[in-house]
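Working notes, structure below.
Values quoted throughout were computed directly from the atomic coordinates according to the rules given, and no laboratory measurement underlies them. Keep in mind that what you see is a predicted model, and the values were worked out from it rather than measured. All Cβ positions, even for glycine, are placed from backbone atoms using ideal geometry, and neighbour counts span all protein chains on display.
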2 protein chains.
Amino acid sequence: MSSLSPSASPRSSSGATVQALRAGCSACGMHQLCLPMGLDQGDMQRLEQVINRRRKVKRDETLYHVNDKFDMLYAIRLGHFKTFQHNPNGGQQITGFQMAGELLGMDAIGAGHHLCEAVALEDSEVCEIPFASLEDLFRDMPILLRQFHRMMSLEISREQRVMLTLGSMTAQQKMAAFLVNLSSRYVSRGYSSTRFQLRMTREEIGNYLGLAVESVSRLLSGFKKTGVIDVNHRDVELLDLPSLRSIALGSDPCA
Amino acid sequence: MSSLSPSASPRSSSGATVQALRAGCSACGMHQLCLPMGLDQGDMQRLEQVINRRRKVKRDETLYHVNDKFDMLYAIRLGHFKTFQHNPNGGQQITGFQMAGELLGMDAIGAGHHLCEAVALEDSEVCEIPFASLEDLFRDMPILLRQFHRMMSLEISREQRVMLTLGSMTAQQKMAAFLVNLSSRYVSRGYSSTRFQLRMTREEIGNYLGLAVESVSRLLSGFKKTGVIDVNHRDVELLDLPSLRSIALGSDPCA
DNA sequence: CGTAACGTTGATACATCTCAACTACGGTGG
DNA sequence: CCACCGTAGTTGAGATGTATCAACGTTACG
């Protein structure tokens, strides 16, 4: 593929499309969750200027590989990703599922190159944010800096919750916690808290939670049988969110 | 206890002691690992000025609790800590063991209050760094900012490695990886790569690795029997670091 | 329409936990 | 200084949650 298609030029007859492509943070539905949170109009425009382009990433396509040089952060504009580390046996350990408004690549700042791989779970779109330019903005945009620190910190605490899950929960608790977590993240994006589609395979869920595929399947079937959820393929409905929460907390109301 | 002992006053006949107490980052052995890494003399002094005091934390004493308001980061000057989350059953899930030169509290920036608890594993000492003052310094100390980002990022990738450990390793691999990790951290602090003291109990190791105490004990005994390590209580010697590494990677040379 | 990836369900195996008994150590008070 | 006691650690035997193996159903897609 060519690195720059002709239509990337700003002058074009189809103004609307280009506008949409050029449209930056202010027009993005994720801007209260993402890096521009809290910025005024002027600062947001300055931020938009450093985002050199938006990039479409097709399903199963890799956004970055392990050992790729780090120079960009990626803000997910649309779609879902998974990030994973390679374990020594050639397998992978998924460290997170990311959705619109979340930032990818923060783990690479320290090492200068990527330590994990990010793959799109569906056709997606990210904003490329050159980190060097972002650092320049930090100098005189303290609100932006603060939001960046917030996002890094939230990533740290997210991972701590995953450790808690992996280290001290039963399979059933893990599964319930996983569904509850997805639910709350969709809520904060304006979607239903009870109905959503799983963007990942059972195998990916199992990998993430430290469970076998078969266990994931059995657990979902079990939840369905006891009526706390309904599942058909990737479509999930959380019929009894409170019960699901209490299962996650270790008290099984249906035991 | 009184909040300020008389000897905290700068004027004192025992100049050396006071000097040591006042002495900031430049005199601290950890300064190439910690926040001041890469700063010139002047910048380091400005950083020292915002560190309002050093605080001793006795063994088993809590540095901060869950829900404590966040306003400080803590740089460990001396000693060891554990951080843990509370799991719903009243237990804890240890999310990390921290040693000198490492930063505590970064996970609280996002929420504004602490989400985990930090407890000293031995008599320790930390530098209190008011985060608001640190943010002020960031404005005109880009090198400091960069190092801060590095440290946050490294924390994210550290946690990802723990996820890999918890999610896809056998008990034996976890234990080997744990020892190898401690080893490498002691090396970068100038200590032996093969001889060190465990600062935590078997129970804490097990909790961290998602294993029962008894399993930890059996694994250590097993390693001792096959000659890859020597253990006596908290004293460990890694007799065959390469073997230990390959056990961690999944290939057991002694199987 | 065929094929491969995905998902489900059952039977069995096994890694690790749990329970239990015991030992060793370190601090404390007599 | 010694005896005591509680905590930490070890080891064994048995229980169990989850993985593994195997067979099969289902969906998506070329």
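Here are some notes:
- Segment A:Gln32..A:Arg146, full-extension length gain: 39.7 nm, with 0.36 nm per residue of separation and the alpha-carbon distance subtracted.
- Peptide B:145-155 is shielded by partner chain Cβ atoms: per residue, an average of 6 of them sit within 10 Å of its Cβ.
- Under the shape rule built on the C-alpha gyration tensor, where the axes satisfy a ≥ b ≥ c, region B:86-129 is oblate, since a/c reaches at least 1.5 while a/b does not exceed b/c.
- Shortest-first distances to equivalent copies, position A:Gln49, nm, label 7 Å out along Cβ: 3.3
- Spin-label pair A:Glu203/A:Ser251, simplified geometry with 7 Å Cα→Cβ offset, distance in nm: 3.9 nm
- Cα-based reach from A:Lys69 at 30 Å (exclusive), listing lysines while leaving out same-chain residues under 8 positions away: A:Lys56, A:Lys58, A:Lys82, B:Lys174
- Signed unit charges on C-beta, dipole axis of chain B, positive-most listed residue B:Asn89, B:Ser221, B:Ser26: B:Ser221
- Residues B:Val216, A:Val126, A:Val119, sorted so that the one with the fewest Cβ neighbours within 10 Å comes first: A:Val119, B:Val216, A:Val126
- You can think of it this way: the chain between A:Lys69 and A:Asp230 has 53.6 nm of extra reach, that is 0.36 nm per residue less the Cα-Cα gap.
- Cα pair count fraction exceeding 17 Å, expressed as % - region A:213-255: 27 percent
- Cβ-Cβ FRET estimate between A:Arg161 and B:Leu239, R0 fixed at 41 Å, reported to 0.05: 0.65
- C-alpha long axis of helix B:41-50 to longest principal axis of chain B, angle in °: 90 degrees
- Rg to Rh, two decimals, where the protein assembly as shown supplies the alpha carbon set and Rh follows Kirkwood: 0.98
- Label-to-label distances for A:Arg146 across copies, nearest first, come out at 2.6 nm, using points 7 Å from Cα in the beta-carbon direction.
- Modelled spin-label separation between A:Asn52 and A:His86, with each label point placed 7 Å from Cα along the Cα-to-Cβ direction: 2.6 nm.
- Shielding by partners - mean other protein chain Cβ count within 10 Å, residues of B:109-115: 5
- Rounded to the nearest 0.05, the FRET efficiency derived from the C-beta distance between B:Arg189 and A:Ala132 at R0 = 35 Å is 0.70.
- Directionally averaged shadow of region A:77-213, computed from the convex hull of its alpha-carbon atoms, nm²: 9.4 nm²
- Here is how far apart the B:Leu239 label points are across copies: 5.9 nm, shortest first, using a point 7 Å from Cα toward Cβ.
- Converting phi to 3J(HN,Hα) with the Karplus coefficients 6.51, -1.76 and 1.60 and the offset θ = phi - 60°, region B:183-190 yields 3, 5, 6, 5, 4, 5, 9, x Hz in sequence order, with x at every glycine or proline.
- Where only C-alpha atoms are counted, convex hull volume of chain A per residue in Å³: 148 Å³
- Between the amide H of B:Arg59 and those of B:Asp123, B:Ser124, distances stay under 5 Å, these residues lying 5 or more places away or on another chain, with hydrogens modeled in the peptide plane.
- The Cα trace of region A:21-100 gives Rg and Dmax of 15.1, 50 Å, the first to one decimal, the second as a whole number.
- Karplus-derived HN-Hα couplings along region B:56-64 (A = 6.51, B = -1.76, C = 1.60, θ = phi - 60°), whole Hz, x at Gly and Pro: 8, 10, 6, 3, 6, 7, 8, 7, 8
- Taken about its Cα centre, the protein assembly as shown carries a charge dipole of roughly 140 debye when the Cβ of each Lys and Arg holds +1 and the Cβ of each Asp and Glu holds -1.
- P(r) of region A:30-153 over all Cα-Cα pairs, binned every 5 Å from zero, in whole percent: 2, 11, 20, 24, 20, 12, 6, 2, 1, 0
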